[in-house]
1. Is the stretch 68-86 home to any residue that is more than 15 Å from the chain's Cα centre (by Cα) and touching a residue at least 12 places away in the same chain (Cβ under 8 Å)?
2. Can you work out which of the residues in the stretch 80-126 that are closer than 26 Å to His48 by Cα and in a loop (DSSP other than H, G, I, E, B) is least open to solvent (accessible area, probe 1.4 Å)?
3. Report, by residue number, each residue of the stretch 33-48 that is free of Cβ contacts under 8 Å to residues at least 40 places away in the same chain and either of a type in the set (A, V, I, L, M) or touching a strand residue (DSSP E or B) at 6+ places or on another chain (Cβ under 6 Å) (or both).
4. Exactly one of (1) open to solvent by 40 Å² or more (accessible area, probe 1.4 Å); (2) within 21 Å of Val119 (Cβ to Cβ); (3) assigned to a loop (DSSP other than H, G, I, E, B) is unmet by Thr74. Its number?
5. Anything in the stretch 127-138 that is surrounded by 12 or more Cβ atoms within 10 Å (Cβ to Cβ) and among the charged types (D, E, K, R)? List them, or say none.
6. Restrict the check to the stretch 30-45 and report whether at least one residue is of a type outside the set (Asp, Glu), at pLDDT below 90 and either touching a Phe, Trp or Tyr at 6+ places or on another chain (Cβ under 7 Å) or surrounded by 13 or more Cβ atoms within 10 Å (Cβ to Cβ) (or both).
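The values are calculated or read from the model by the stated rules, or taken from the named source; none is laboratory data. Since the structure is predicted, the reported quantities are computational estimates derived from the model, not experimental observations. Quick reminder, even Gly has a Cβ in these numbers, built from the backbone with ideal geometry, and neighbours come from all protein chains shown. The area values use the complete protein model at the heavy-atom level, side chains included, leaving out ligands, DNA and RNA. Shrake-Rupley method; radii C 1.70, N 1.55, O 1.52, S 1.80 Å.
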Amino acid sequence: MMSNYNGLAIELSQRDGFVAACSVTGELSELEVQTQQRDTDAVMPAIHRVVDAVGIKPTDLQFVGVSIGPGSFTGLRSAVAIAKMIALTTKASIIAVESAVVAADTLGIEEPLLVVSGVKDESFWLSRVSKEGNRWQCDSGLTDV
């Protein structure tokens, strides 16, 4: 499948994260990242590997997609900081993606869905996700039982 852009995706909202890259030639590469390691950085080397695997240079990136949660505060903060650093140094655009949209798109269901995430004690994050044309819409908020 051909892509229209050279892009990078960063998902660090859970215990294990992922990075992926795509190129205009249709190449795609994805790696799982162990985010719980405190003594070494696994994210930047993984980003280097996926970008290299699709045959592009970091300066070729046109966008950086980053999960904005809900999820682990440290993971989200790290992912957004990394995306911003890459965007500032490469002139790539940042695309913020709510995790509920990823979950809905993965299911392949286009009618409105309710996605429950970020459950803690009596509260949880509730997202209403729907697809209008080719665009996902997501209305979210913290809710309690």
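1. no
2. Among those residues, the one meeting the criterion is Ala92.
3. Going residue by residue through the stretch 33-48, those that are free of Cβ contacts under 8 Å to residues at least 40 places away in the same chain are 33-34, 36-48.
Listed by number, the residues that qualify are Val33, Ala42, Val43, Met44, Ala46, Ile47.
4. Here Thr74 clears every test but (3).
5. Those that are surrounded by 12 or more Cβ atoms within 10 Å (Cβ to Cβ) and among the charged types (D, E, K, R): Arg128, Lys131.
6. If we filter the stretch 30-45 for residues that are of a type outside the set (Asp, Glu), which is where we start, we get 31, 33-38, 40, 42-45.
Imposing the further condition that a residue be at pLDDT below 90 reduces the set to 34-38, 40, 42.
Retained after the next criterion (residues that are either touching a Phe, Trp or Tyr at 6+ places or on another chain (Cβ under 7 Å) or surrounded by 13 or more Cβ atoms within 10 Å (Cβ to Cβ) (or both)): 35, 42.
Checking the stretch 30-45: at least one residue is of a type outside the set (Asp, Glu), at pLDDT below 90 and either touching a Phe, Trp or Tyr at 6+ places or on another chain (Cβ under 7 Å) or surrounded by 13 or more Cβ atoms within 10 Å (Cβ to Cβ) (or both).
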